[in-house]
Each structure stands twice: as structure tokens, then as C-alpha cells.
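Peer 1: Mind looking over this structure? Questions follow.
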Amino acid sequence: MKIKSKSKKLNKAWLHDHLNDPYVKLAQKEGFRARAAYKLKEIDEELKLLKPGQLVVDLGATPGAWSQYVRRKFAPKDAGTGGAAVGALHGAIIALDLLDFEPVEGVLFIQGDFREEAVLAELERAVAGRPVDVVLSDMAPNLSGIESSDSARIAHLVELAVEFAQNHLSDQGALVCKVFHGSGYSQLAKLFKERFRVVKPIKPKASRDKSAETFLVGIGLKSPKGRADILA
């Protein structure tokens with residue numbers, strides 16, 4: 001009974017914090033599906049990564065807030081308009097996730113597990129040999145609470161995202177990847193420094209203070225167009 005009571009208190013505290021979160025309120029007001037849109041917004045505004053006309057791949061896209069943000073960035077700004085959630089789109093967005101994804105107008109969605117060869121092959125067919133300007137990865141595994149196991153799962157997804165970026169990014173392209181401080185972080189930061197000319201770790205204000213979540217941004221491949229032998 002004590003365990004249940006403690007669990008209820010934790011859930012109630014989380015719900016209270018969530019409902020009073022200024023980014024949650026802002027997302028509701030501005031029509032974003034999740035507060036995560038403001039994490040990408042902060043990263044983009046600091047580094048100026050996203051520009052109309054680009055090809056963007058959004059990995060771990062569900063519920064779609066990052067794709068929504070990119071979609072609005074790509075809306076034409078004729079006559080002082082822009083930021084539209086529907087209508088014309090100057091650029092291309094490919095989103096991928098294991099979970100269901102409510103459609104975002106103009107966004108091509110592929111459902112499947114990024115770790116599977118068949119799903120990766122489908123994504124590569126959608127890219128169709130075009131250079132990708134920005135790869136966004138908000139992917140995270142289901143965590144078990146066992147640090148060594150969770151670190152390995154997180155690292156595997158990051159390595160796959162880096163490998164995809166190595167194979168598909170334009171010469172000056174960028175990869176934005178969610179990582180977590182703790183065991184394995186320094187190795188992932190080292191991997192980024194080996195692959196990219198510029199590496200920037202960013203902890204957006206929209207990322208909760210209590211969370212170990214942070215983001216690594218790599219810009220400009222050191223050896224573009226070569227198959228990365230990352231997982232060897």
C-alpha cells in the first residue's frame with residue numbers, strides 16, 4: 001500500500017508540473033503537439049540550421065512536434081506571411097518512427113524500427129540519392145533502469161544516426177542528436193568530434209532541468225560521402 005501511495009504522489013506531482021509547464025502551455029497555444037518543438041527551436045535559433053528549400057530527415061519523429069516546427073520554417077514568407085501549418089511548402093521533410101504518426105501536411109512518414117535493415121532501406125529509397133541538409137534524431141530507447149544496458153541502447157541509436165548522416169548528409173549538413181549525460185556520453189561526444197568539423201553540445205532551456213537529456217550537434221562531415229564503419 002505504501003508503494004502505491006508513493007507512486008500516486010509521484011504521478012500527481014509530475015502531472016502538476018506538466019500542466020504548469022510554460023512550454024506545455026505555449027505548445028498548446030501555438031498548436032505544437034509537444035513541448036519538444038521549443039528544444040529544436042532553441043537549437044535552430046542558436047545555430048541557424050534550418051532554411052527553406054532543404055531536405056530534412058526527422059528520426060524518432062512521433063508525436064510530430066519537430067516535423068511541425070520544420071514544416072513551419074519551410075512555409076513561404078511571401079507578403080509577410082509564413083510559419084503556416086498547412087499550404088505551400090518550400091523544402092522536403094521525411095519523418096520516421098516506430099510508433100503511429102498523425103499526418104503533418106507535406107511530411108512523408110515512414111513507420112518502422114530504424115534499427116532494422118528493411119526500414120533503413122525504405123528511408124534510403126525515399127531520400128533517393130539526394131543530399132540531406134539536416135538529420136534530426138530525437139530517438140530514445142525504452143529504458144530499463146539498468147544503467148549499463150540503457151547506455152548501450154542509447155549509444156546504439158546515436159551510432160546509427162551518425163552512420164546515416166555520414167552516408168547521406170550534404171558536405172555542410174548537420175546532425176542534431178538527443179543523448180543523455182552519464183555513462184557513455186563522453187564516447188558519443190568523441191564519436192561526433194571524429195566525424196564532424198564542428199561539434200556543439202546544447203542543453204536547451206526547454207529541456208527540463210531534472211532531465212539528463214542534452215543534444216549533440218555535428219556540422220560539416222570530416223569525410224563526407226564515405227560509408228562510415230562506425231559499428232565495427
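Peer 1: Tally the residues that are free of Cβ contacts under 8 Å to residues at least 40 places away in the same chain and among the basic types (Lys, Arg), restricting the search to segment 105-127.
Peer 2: 1
Peer 1: If you don't mind, there's one more thing I want to ask. Quick one: Phe101 ticks every box in (1) outside any loop (DSSP other than H, G, I, E, B); (2) touching a Phe, Trp or Tyr at 6+ places or on another chain (Cβ under 7 Å); (3) aromatic (Phe, Trp, Tyr) bar one, so which box is it?
Peer 2: Phe101 satisfies all of (1) outside any loop (DSSP other than H, G, I, E, B); (2) touching a Phe, Trp or Tyr at 6+ places or on another chain (Cβ under 7 Å); (3) aromatic (Phe, Trp, Tyr) except (1).
Peer 1: Take segment 95-122 and flag every residue that is within 20 Å of Glu159 (Cα to Cα) and buried (at least 20 other Cβ atoms within 10 Å of the Cβ).
Peer 2: Residues satisfying the conditions are Ala95, Leu96, Asp97.
Peer 1: Still on this structure: Looking at (1) in a helix (DSSP H, G or I); (2) under 16 Å from the mean Cα position of the chain (by Cα); (3) touching a residue at least 40 places away in the same chain (Cβ under 8 Å), which one does Val56 not meet, given that it meets all the others?
Peer 2: (1)
Peer 1: Residues in segment 124-133 that are crowded, with 19+ Cβ neighbours inside 10 Å and in contact with a helix residue (DSSP H, G or I) (Cβ under 9 Å, 6 or more places away or on another chain): how many?
Peer 2: 1
Peer 1: If you don't mind, there's one more thing I want to ask. Among the listed residues Leu136, Leu188, Leu160, identify the single one that is surrounded by fewer than 21 Cβ atoms within 10 Å (Cβ to Cβ) and closer than 20 Å to Leu55 by Cβ.
Peer 2: So the residue among Leu136, Leu188, Leu160 that is surrounded by fewer than 21 Cβ atoms within 10 Å (Cβ to Cβ) and closer than 20 Å to Leu55 by Cβ is Leu160.
Peer 1: Here is a follow-up. Among the residues of segment 83-98, what is the count of those that are under 12 Å from Arg71 (Cβ atoms) and in a loop (DSSP other than H, G, I, E, B)?
Peer 2: Of the residues in that region, 9 qualify.
For every residue, the table says whether it meets (1) touching a residue at least 40 places away in the same chain (Cβ under 8 Å); (2) not in a strand (DSSP E or B).
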| site | (1), (2) |
| --- | --- |
| Ala155 | no, yes |
| Ala161 | yes, yes |
| Asn167 | yes, yes |
| Ser170 | yes, no |
| Cys177 | yes, no |
| Lys190 | no, yes |
| Val199 | no, no |
| Asp209 | no, yes |
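Peer 1: How many of the residues in segment 31-50 are loosely packed, with under 14 Cβ neighbours inside 10 Å, at negative phi and free of Cβ contacts under 8 Å to residues at least 60 places away in the same chain?
Peer 2: Going through segment 31-50 one residue at a time, the tally reaches 1.
Peer 1: Next question, about the same structure. Quickly run through segment 139-157 and pick out the residues that are small (Gly, Ala, Ser), surrounded by fewer than 17 Cβ atoms within 10 Å (Cβ to Cβ) and under 18 Å from the mean Cα position of the chain (by Cα).
Peer 2: Ala140
Peer 1: Regarding segment 90-102, can at least one residue be identified that is among the charged types (D, E, K, R) and modelled with pLDDT under 95?
Peer 2: no
Peer 1: Give the residue, chosen from Arg130, Arg125, that is farther than 24 Å from Gln28 by Cα and either assigned to a loop (DSSP other than H, G, I, E, B) or among the acidic types (Asp, Glu) (or both).
Peer 2: Only one candidate passes the filter, namely Arg130.
The values are calculated or read from the model by the stated rules, or taken from the named source; none is laboratory data. Being a predicted model, the structure only gives us computed values, none of them experimental. With ideal geometry, Cβ positions are generated from the backbone for all residues, glycine too; neighbour counts draw on all protein chains shown.
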